[in-house]
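The values are calculated or read from the model by the stated rules, or taken from the named source; none is laboratory data. Computed from a predicted structure; not experimentally measured. Heavy atoms of the whole protein, side chains included, go into the accessibility calculation; ligands, DNA and RNA do not. Shrake-Rupley method; radii C 1.70, N 1.55, O 1.52, S 1.80 Å.
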Amino acid sequence: MTKVGSFLKGALIGAAIGLLYAPKSGKELRAELMQKKEDARDRAMDYTNMAKEKGSDLQQVAKDTSDDIKVTLKAGFEDVKGQVQETAEQVKSDACTVVDTAKETAEEVKGKAEEGKAEADQTAEVEKP
C-alpha cells in the first residue's frame, strides 16, 4: 500500500473510533438517562413487589402458626380442665365417704357409750346396798 492508502485507511479507522467515542447530543443523552431512570425505577418496583410478597407470605405463616398454637393450647386447656373436674369430683366423693364413715363411727361410739352407760347403771344398781 502506498502512503496515501495507509493514510486513508488510518483516517477511516480513526473516524470510526471517534464516532464510537464521540459524545452524544444533549437530546440523545437525556433520552438515554431517562431510559436508565425508568429501568432503575422498574427494578425498584420489582424488588418492592417481591418484598411485599415475601412479607405477605411471612404474615400468613405467622397467622397459621398462631392458629395452630391456639388450637393446641385450647386442646391442652380442655384436657387440664377435664382432669381438674375429675379430680374435684373424686375429692368430693372421697369427702362424702369420709363424712359418712365419720357419722357411722360416731353412731357406733354413741351406741357403745350408751351400752357402757347402761352397764354402768346396772352395775351401780346391783352394788347399791
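A few points about this structure:
- A residue that is open to solvent by 70 Å² or more (accessible area, probe 1.4 Å), among the hydrophobic types (A, V, I, L, M, F, W, C) and at pLDDT 85 or above occurs somewhere in the range 42-50.
- The lone criterion from (1) open to solvent by 100 Å² or more (accessible area, probe 1.4 Å); (2) modelled with pLDDT of 90 or more left unmet by residue 57 is number (1).
- Test: residue 108 is under 58 Å from the mean Cα position of the chain (by Cα) and either at pLDDT 90 or above or not hydrophobic (A, V, I, L, M, F, W, C) (or both): no
- Any hit, the range 31-52, residues being of a type in the set (S, T, N, Q) and not in a helix (DSSP H, G or I): no
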